[in-house]
Amino acid sequence: MILASSMKFCLGRLIITPAALEAIPSDEICAAIDRHICGQWGDLSAADLAANELALKNSQPLHSVYRTQDTRVEFVVLTAADRTTTTIMLMAED
């Protein structure tokens, strides 16, 4: 459960591509959303981590990269600069 005080931004409308919905277990989608909204950006380089922290302050797009536990499918969570939408998609769809 996420506490409102832990949330760094609003997700907006959540969009999940059909391929991501098929390949990623629902509990892992929920966990990724929780991590993303709290600023736990996943498997990013140091430069991308810093860019996300700056993006929080400057209303720029935010992105996280995660992998499923069992199959190691890589997927992305992207939040638009205006925070109106967050999209979950497979890395291969990017």
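The values are calculated or read from the model by the stated rules, or taken from the named source; none is laboratory data. Just so you know, these numbers come straight off a predicted model, no measurement behind them. Neighbour counts are summed over all protein chains in view; Cβ atoms, including those assigned to glycine, are modelled from backbone coordinates with ideal geometry.
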Per the filter on the stretch 38-81, residues in contact (Cβ under 8 Å) with a residue 40 or more places away in the chain and either in a helix (DSSP H, G or I) or more than 16 Å from I24 (Cα to Cα) (or both) are L56, L62, T79, A80
I2 vs (1) modelled with pLDDT of 95 or more; (2) touching a helix residue (DSSP H, G or I) at 6+ places or on another chain (Cβ under 6 Å); (3) surrounded by fewer than 13 Cβ atoms within 10 Å (Cβ to Cβ): all pass except (1)
Exactly one of L54, L78, L14 is of a type in the set (A, V, I, L, M) and surrounded by 14 or more Cβ atoms within 10 Å (Cβ to Cβ), and that residue is L78
